[in-house]
1. So between residue 15 and residue 132, what do we pick up on full extension, going 0.36 nm a residue minus the alpha carbon distance?
2. Once the convex hull of the C-alpha atoms of segment 62-154 is built, how many Å³ does it hold per residue, rounded to a whole number?
3. Relative to the present Cα-Cα distance, how much length would full extension add between residue 32 and residue 92 at 0.36 nm per residue of separation?
4. How would segment 1-110 be classified by its alpha-carbon gyration tensor: rounded, prolate or oblate, with rounded meaning a/c under 1.5 and the a/b versus b/c comparison settling the rest?
5. How large is the convex hull of the Cα atoms of segment 48-93 per residue, expressed in Å³ as a whole number?
Amino acid sequence: TPGNEIPLRCLEIVERMQERYDQGGELWLRPDAIVWNQVLSAWAACEDEQKAVAAENLLRRLQREDTSVDVSSYGHVMRACARSNATPHAKKLGGEVALRVWRDFHVEDQRPDLEVSSYLYCFFMRACQYLEDPQQRDNEVEVAFLMCCGNGCVNNHILLEFQKAASRRLYDDIIGISTMILLEGLSVKKAPKHESTRSDYTLATGLDQKCQSKDPVGMVRDTRCKA
């Protein structure tokens with residue numbers, strides 16, 4: 001959807017719902033995380049150059065107002081970042097917002113309801129492609145990919161985004177680990193049959209060990225503290 005007309009219209013409708021609830025106490029009009037996520041999704045789907053910033057600002061507002069947010073809320077903001085590819089400036093904004101939201105998520109993830117999912121990793125690694133510094137880009141996608149492996153969230157989409165975002169050296173280094181595991185007779189775990197449409201894989205054992213040795217969650221938090 002071109003421009004910002006639809007997300008602004010969605011925001012207007014939800015704000016009117018909130019106003020009706022505040023004034024009259026009509027519980028059925030009180031916007032919850034699902035309703036607010038539709039506004040965030042509208043920002044992600046539009047073509048506004050500032051959509052990543054707009055989605056982040058709405059997320060911050062919901063946090064300040066103590067409105068419920070869930071992992072989908074972060075996912076929609078990250079999708080807005082990943083799809084901010086219309087102009088060089090949009091890409092720059094998308095990469096910057098993605099880093100801030102990603103690091104904040106790993107502070108908020110003390111809440112048990114904020115369980116990371118494959119699509120959050122996928123959109124983050126796609127947004128990392130917009131980072132201008134190659135070394136920073138490699139650092140971010142390496143930590144994210146190892147965390148993804150450790151959480152058992154790797155699938156074909158994750159592997160593709162990692163390949164696109166990582167340098168050839170990093171890709172060969174990380175994926176080479178899984179190749180060595182296979183050559184040594186250890187298997188890559190495939191998802192149960194009833195989940196086979198997701199094409200989920202866990203690059204187990206060796207990747208898990210590397211993930212644990214590097215403490216990727218701690219690396220994310222350390223990076224945030226140094227920023």
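1. The span from residue 15 to residue 132 would gain 38.4 nm if fully extended.
2. In segment 62-154, the Cα convex hull volume per residue is 94 Å³.
3. Full extension of this stretch gives 18.5 nm more.
4. Because a/c hits 1.5 or more and a/b fails to exceed b/c, segment 1-110 counts as oblate.
5. Per residue, the Cα convex hull of segment 48-93 comes to 54 Å³.
Taken together, the values in this text are just the output of simple stated rules run on the coordinates, not laboratory data. Keep in mind that this is a model prediction, so the values were computed, not measured.
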